[in-house]
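Contents: one structure, followed by commentary.
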Amino acid sequence: MEYRSLHLPDRIEWDEDSLTDTYGRIVVTPLERGFGRTLGTALRRVLLSSLEGAAPVVARITGASHEFTPLPGVYQDVPDIVLNIKSLDIRHDGTGPGKLVLDMKGPASAKASDFKGDSFLHILNGDLPVAEVGQGSRLHIELIVERGKGYVTAEDWHDLGRGKEIGDILLDSWFGPVRKVNFEVESARVGDRTDYDKLSMEIQTDGTIGPREAMDSACDILLKHFEMILGGRSVASGSESEEDDGGEENYSNLPLGETAIAPRLAAILATAGIDTLGRLSSKTRAELLSVKNLGPASLKILEELLAQYDLGLSER
């Protein structure tokens, strides 16, 4: 099929043999030269940064007035329990905030499946360990779960007015349901021509949505933007050109503002002249820790962000 002398793909297939609730591989071919990387890059960015998900925002642990309060009879420290809580995979089928409650008496091994609460909240990784409760002790946890997108730090939640009550422990919240996206562009043949593109994409999710649903949502988001551009374009719009060097995707010049980084963290980096992934990856851990208001927790977030783009910090 052709559109305006451009060849449109006639094969769009999911690999049914490997398709699961958390993994999917789709092939789109043949595409005009350059369109494989154009579509792959756009879809990857939307999949990783723009899809809604659910995450715990506030934790209230009876007996813990703050994150570093010891809990008698509980073998894990509060920071360890918080780390386990942040690993919960939660599907949120409602609209507003929801609540989950765990109430265990020892001896017991508390798991994610022991949380009970609003019917529109569903924990998918029920075997996730939460804490070990000793004989005669009790562990009571309340979680506030919300929907959102991207990454929101505890500091951001505080700036938004959350966590004002005594005992509220604000959490770093990662809402994105897509864990990883890889894409590969290969040559494809149409008749005697071999300069067409074959786009292969692998999508890994946390199970709260499947790869097909994630792809559908990403396409809907891009389509909505294109529709708005079409509706508002000028009659005298100029011509556009796009250069494709045929090489590997280079994210070095990608502005941090176009990633899922929290605005507060991006602002901190901007004060040090770090505004792209390339400039971030050129820094060592020591150099970043010397930036004012940037600590070990933020450093870990930045390393995870770079890993999403197959980048890392300098080791010099």
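Scanning region 8-47 for residues that are under 28 Å from G148 (Cα atoms), among the charged types (D, E, K, R) and part of a helix (DSSP H, G or I) returns R44, R45.
So which of I90, I81 ends up being within 25 Å of the chain's Cα centre (by Cα) and closer than 15 Å to G134 by Cβ? Being within 25 Å of the chain's Cα centre (by Cα) and closer than 15 Å to G134 by Cβ holds for just one of I90, I81, which is I81.
All of V46, V27 fail the test of being of a type in the set (V, I, T), farther than 14 Å from D216 by Cα and under 25 Å from the mean Cα position of the chain (by Cα), apart from V27. Picking from residues in region 127-168 that are among the β-branched types (V, I, T) and at pLDDT 90 or above, the one that is farthest from A64 (Cα to Cα) is V145.
Of the residues G73, G106, G134, which is in contact with a Phe, Trp or Tyr (Cβ under 8 Å, 6 or more places away or on another chain) and either outside the structural domain of D159 (by TED's automatic domain parsing) or farther than 20 Å from K149 by Cα (or both)?
Details: G73 fails: in contact with a Phe, Trp or Tyr (Cβ under 8 Å, 6 or more places away or on another chain); G106 fails: in contact with a Phe, Trp or Tyr (Cβ under 8 Å, 6 or more places away or on another chain).
Step by step, each of G73, G106, G134 is checked, and only G134 is in contact with a Phe, Trp or Tyr (Cβ under 8 Å, 6 or more places away or on another chain) and either outside the structural domain of D159 (by TED's automatic domain parsing) or farther than 20 Å from K149 by Cα (or both).
Pairing each residue of region 208-228 that is at negative phi with any residue that is surrounded by 15 or more Cβ atoms within 10 Å (Cβ to Cβ) and basic (K, R), provided the two are 6+ apart or on different chains, yields C-beta distances under 7 Å for T208/R91.
Being out of contact with any strand residue (DSSP E or B) (no Cβ under 6 Å at 6 or more places or on another chain) and either among the hydrophobic types (A, V, I, L, M, F, W, C) or more than 18 Å from E186 (Cβ to Cβ) (or both): is that true of L83 here? Break it down into steps so the answer makes sense when it comes.
Values: out of contact with any strand residue (DSSP E or B) (no Cβ under 6 Å at 6 or more places or on another chain): yes; either among the hydrophobic types (A, V, I, L, M, F, W, C) or more than 18 Å from E186 (Cβ to Cβ) (or both): yes.
Against the criterion (out of contact with any strand residue (DSSP E or B) (no Cβ under 6 Å at 6 or more places or on another chain) and either among the hydrophobic types (A, V, I, L, M, F, W, C) or more than 18 Å from E186 (Cβ to Cβ) (or both)), L83 qualifies.
Inspect region 48-66 for any residue being touching a helix residue (DSSP H, G or I) at 6+ places or on another chain (Cβ under 7 Å), assigned to a helix (DSSP H, G or I), at negative phi and buried (at least 18 other Cβ atoms within 10 Å of the Cβ) and give the result as yes or no. First the steps, then the outcome.
First pass over region 48-66, keeping only residues touching a helix residue (DSSP H, G or I) at 6+ places or on another chain (Cβ under 7 Å): 48, 50-51, 56-57, 59, 61, 64.
Now restrict to residues that are assigned to a helix (DSSP H, G or I): 48.
Filter once more, keeping what is at negative phi: 48.
Still in the running and buried (at least 18 other Cβ atoms within 10 Å of the Cβ): 48.
Looking through region 48-66, at least one residue is touching a helix residue (DSSP H, G or I) at 6+ places or on another chain (Cβ under 7 Å), assigned to a helix (DSSP H, G or I), at negative phi and buried (at least 18 other Cβ atoms within 10 Å of the Cβ).
The values are calculated or read from the model by the stated rules, or taken from the named source; none is laboratory data. In this text, all values refer to a predicted model and were calculated from it rather than measured experimentally. Note: ideal-geometry Cβ built from the backbone for every residue, glycine included; neighbour counts use all protein chains shown.
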